[in-house]
Amino acid sequence: MLLFVFLLCVGLCRLEIQRPSSACHLDLVSAFDDYEYVQDGDIIIGGVFTVNHFMTELVTRGEHVKTMMLCLRPFPPYYRYFLTILYAIDEINKDPTILPNVTLGYHMYDSCNDKRKAVKSILQILSGPGQTVPNYSCRKHGNLAGFIGDQNSVTTVNIAEILALHRYTQVSYGATTDVLSNRNFYPTFFRTVQSNQAIFFILSGLLQFFGWTWVGVISSDDDSGNQEIQLLTQYLTMKSICVAYMIKIKLEAMSVSDEIFKNSIGIISKSSAQVIILCGTFSSFMADLLIKVRHVLSNKTFIFGPIFASKTFLVEHYSKAFDGSLAVEFDELHVPDMKSFYHSFQVVNHPQDTLLEHIWLLHLHCSGTNESRSQNQDKITQVHNYPHQIPKSQCSRNCLPGTSKVQRSGIHSCCYDCVLCAEGEISNVSDSESCQQCRYDEWPNEKKDRCVLKRLDFLSYSDDLIGMVFASSSSILCALTGLILLVFISHQDTPIVKANNRNLSFTLLVSIMLSFLCVFFFLGRPADISCLLRQTSFGIVFTIAISSILAKTIMVYVVFKASKPGSLWQHWIGTRLPNSIVILCSSIQVLICVIWLSISPPFQDLDTSSYQEKMIVQCNEGSVIGFYSVLGYMGFLAVVSFVLAFMVRTLPDSFNEAKYITFSMLVFCSVWIAMILAYLSTRGKYMVAVEIFAILSSSAGILGCIFLPKCYIILWRPELNIKSYLLEKRSQ
């Protein structure tokens, strides 16, 4: 038993023992002033409070050198906690209804924020007034019920280790370290504040909610500060919040004139971090020092950590410290993703730059209902609507919608550059990690913050100037062809009309007029029916026109051969041969179109890849072979007509058309060869425009080369449109 007592004394008090002593007596380091407060009663409440902030050694020299503990730097606001317990005990003793026939007493000390003083105080309370004897109470009156204190985690942990052995209940009013939450080691410990884990969990959520991703951390350089920094760093990392700098200050350096403190202030003022978190044992004392250097740190925002457990203390002390300040309070403000936690915080803002611009004081509690949550949800908006109360603390500026973040090279993930989204991509939120690709039928707007439907692009005859020109030209040429047809019909019995096979001329004029009308199948928004008709109708109509020209050319040659007496070619003169040529050649083209439409017909299609900002509404030809077969067959007939017309152009016939057919086919072939080359190198409505231009040009070329000279003679030189003139010309 004596060995156990000896080990207990040495294990707990080896730092305080000055010389060997018996197990029944501890010779502890004495204090210059114990700050002991005792009042007898039936029930005794022990208490260890922090009023003085600093402990130093006082060495006295006499016969023997003696070292004593000297408490310094009292903090008046903390003295109030001590007075509160005295007042509460006095009120209970005055009221006989609370504890009838029982009086409360107390035995309390000031720990001076020092572990040695705290252990000494708790052992003295356990032993009672007089000698300090472990495991033995010298109290003559009153039973020790339990303990209150301490405020700081550093001293409270040592007290809790001793009281856990004796199973005394301990209630702390300020210790927040997470170590004390272990019920196996501290079964009788309780506290009236949240642990660091809960506090830093909510604190990190608060930082994330307001976008404070670049913060500084100032802490006391002791066990409490190191523990809090370790836990704080874990939660900041979870919320992707970066620490710009971390400053640890010893209590000895907490003076405005101290060089270490001056260097720390220089680091704070030069840093781009606008939000600074104070934690550790001396954050309240640090707050007072920061007030004294407020002209240097006028734009910084401070968040005070776990040491501040009393909302009343914060409001009274710091609101009064900032004279003329604006205080805005938010109670039970619900932050998203904070689970069941609620927090209240006090915002103190001075309108001038003479004081710290922002002070955020954090208080925590774990209460609240769904009703209170809904009632206070709008207070987040109230914070954002007051621009002077929301500081910015980021390593990089916010990336606006339309941009994304690109990580800078370095150790901090919060430092990045903003780059515009690539073509076809958007970001619709701030600080987007990456841009999103728009759908195939959408395109980013100018700001690149949302996708809009791509503009539909097609050759319109009402909205596009080129479309209106084509529509007007087609109508005018069609009307002109109709007038020429009427002229030929009205003069069908004249020699010049009869000499050139008037039926073929009528067929050719009608086919040319229809080819001009085919242009309207190419204008406007394509549909399945228009896609089916545009190429096939144009191909068949143009084939009829070229077949008629081919028949005219062949008939010129036949007539020349038949003009010789006894020629066998005379049997071919008439309407049977040209009609057969037109029907046969046209039927082949009709067969090609039927096969094309049967196997792979054209259809409406959307081209979303040729242009990024628009979709081309076009006709997909279905079968490329079918499309080029139609064009190829027309080209073949045109080449045959050109060759034959070139061969018979010099034959002495009455009004030989071959020379005019030669020119018309030369124009036709030139236009369509150029059209194919341009057609393959264009996209969208310009591809359609090229084909329309080829149709109009080739049709107008045939019309002009073959019929305008005849119209000139019919209308303006009628004296040449007589049989005698033609016979005279033939005889030449």
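The values are calculated or read from the model by the stated rules, or taken from the named source; none is laboratory data. None of the values given here were measured: they were computed from a predicted structure. Here Cβ is always computed from backbone atoms with ideal geometry, including for glycine, and neighbour counts include all displayed protein chains. The area values use the complete protein model at the heavy-atom level, side chains included, leaving out ligands, DNA and RNA. Shrake-Rupley method; radii C 1.70, N 1.55, O 1.52, S 1.80 Å.
How large, in percent, is the carbon and sulfur part of the accessible surface of the range 85-210 at a probe radius of 1.4 Å?
Ligands and nucleic acids excluded, carbon and sulfur give 53 percent.
Can you work out the Karplus-derived ³J(HN,Hα) for every residue in the range 92-107? Use 6.51 cos²θ - 1.76 cosθ + 1.60 with θ = phi - 60°, whole Hz, and x for glycine or proline.
After applying 6.51 cos²θ - 1.76 cosθ + 1.60, I find 5, 5, 6, 9, x, 7, 7, 10, x, 6, 10, 10, 9, x, 8, 9 Hz.
Suppose each label sits 7 Å from its Cα in the direction of the beta carbon; what would the Ser413-Met246 distance come out to in nanometres?
1.6 nm
What's the extension gain from Arg397 to Arg183 if we count 0.36 nm per residue and subtract their Cα-Cα distance?
That works out to 72.5 nm of additional length.
Assuming R0 = 22 Å, can you tell me the calculated FRET efficiency for the pair Glu36 and Ser137, based on Cβ-Cβ distance, to the nearest 0.05?
The pair Glu36/Ser137 has a calculated efficiency of 0.85.
Go ahead and run the numbers for FRET between Leu420 and Ile260, Cβ-Cβ distance against an R0 of 35 Å, rounding to 0.05.
Taking R0 as 35 Å, the efficiency between Leu420 and Ile260 is 0.15.
What's the ranking of 100-107, 615-622, 658-665 by average number of surrounding C-beta atoms within 10 Å, highest first?
In descending order of packing, they fall as 658-665, 615-622, 100-107.
With a point put 7 Å past each Cα toward its Cβ, work out how far Glu57 is from Leu83 in nm, to one decimal.
Calculated label separation equals 3.6 nm.
So what is the accessible area of the range 65-198 per residue, in Å², with the probe set to 1.4 Å?
Using a 1.4 Å probe on heavy atoms only, each residue of the range 65-198 averages 45 Å².
Tally up the carbon and sulfur contribution to the accessible surface of the range 454-506 as a whole percent, 1.4 Å probe, everything protein left in place. Kindly include the intermediate steps, with their values, before the conclusion.
Values: 1690 of 2640 Å².
Carbon and sulfur together cover 64 percent of it.
Arrange the residues Val48, Val429 by how much accessible surface each exposes, largest first, with a 1.4 angstrom probe.
My answer, sorted largest first, is Val429, Val48.
In the full protein assembly as shown, how much of Val157 is accessible to a 1.4 Å probe, in Å² to the nearest 10?
Roll a 1.4 Å probe over it and Val157 shows about 30 Å².
Quick one: order Glu691, Glu36 from most to least accessible surface, probe 1.4 Å.
Per-residue accessible area, sorted high to low, gives Glu36, Glu691.
Please report the projected area of the range 168-255's Cα convex hull averaged over all directions, in nm².
Its average projected convex-hull area is 7.1 nm².
Solvent-accessible area of Asp95, probe 1.4 Å, all protein chains present, reported in Å² to the nearest ten, please.
Rounded to the nearest 10, the figure is 60 Å².
Under the definition of Cα pairs under 8 Å and six or more residues apart, what whole-number percent is the relative contact order of the range 596-720?
19 percent
I'd like the carbon and sulfur percentage of the solvent accessible area for the range 574-684, probe radius 1.4 Å, heavy atoms only, ligands and nucleic acids excluded.
Solvent-exposed carbon and sulfur of the range 574-684 make up 70 percent of the total.
List, largest first, the extents of the alpha carbons of the range 500-539 along their principal axes, each in whole Å.
If we take the Cα atoms of the range 500-539, the spans are 41, 14, 9 Å.
Considering only protein heavy atoms, with the full assembly of protein chains and a 1.4 angstrom probe, order Tyr628, Tyr235 by accessible area, largest first.
Highest to lowest solvent-accessible surface, that is Tyr628, Tyr235.
Can you tell me how much longer the chain between Ile267 and Ser472 gets when fully stretched, taken as 0.36 nm per residue apart minus their C-alpha distance, in nm with one decimal?
Answer, rounded to one decimal: 66.1 nm.
Listed here are the pairs Lys120/Lys248; Lys498/Lys710; Lys447/Lys685; which of them are more than 21 Å apart at the Cα?
Long pairs (Cα-Cα over 21 Å): Lys120/Lys248; Lys447/Lys685.
Accessible area per residue, 1.4 Å probe, Å², for the range 451-548: what's the number?
Heavy-atom accessible area per residue stands at 41 Å².
Under a plain spin-label model, where a point goes 7 Å from the Cα along Cα-to-Cβ, how far apart in nm are Leu456 and Thr682?
A separation of 2.2 nm, rounded to one decimal place.
What full-extension length gain, to one decimal in nm, is calculated for Gln230 and Phe190 as 0.36 nm per residue of separation minus the Cα-Cα distance?
Gain in length upon complete extension: 12.1 nm.
Can you give me the accessible area per residue for the range 664-712, using a 1.4 Å probe, in Å²?
So the range 664-712 comes to 38 Å² accessible per residue, rounded to a whole number.
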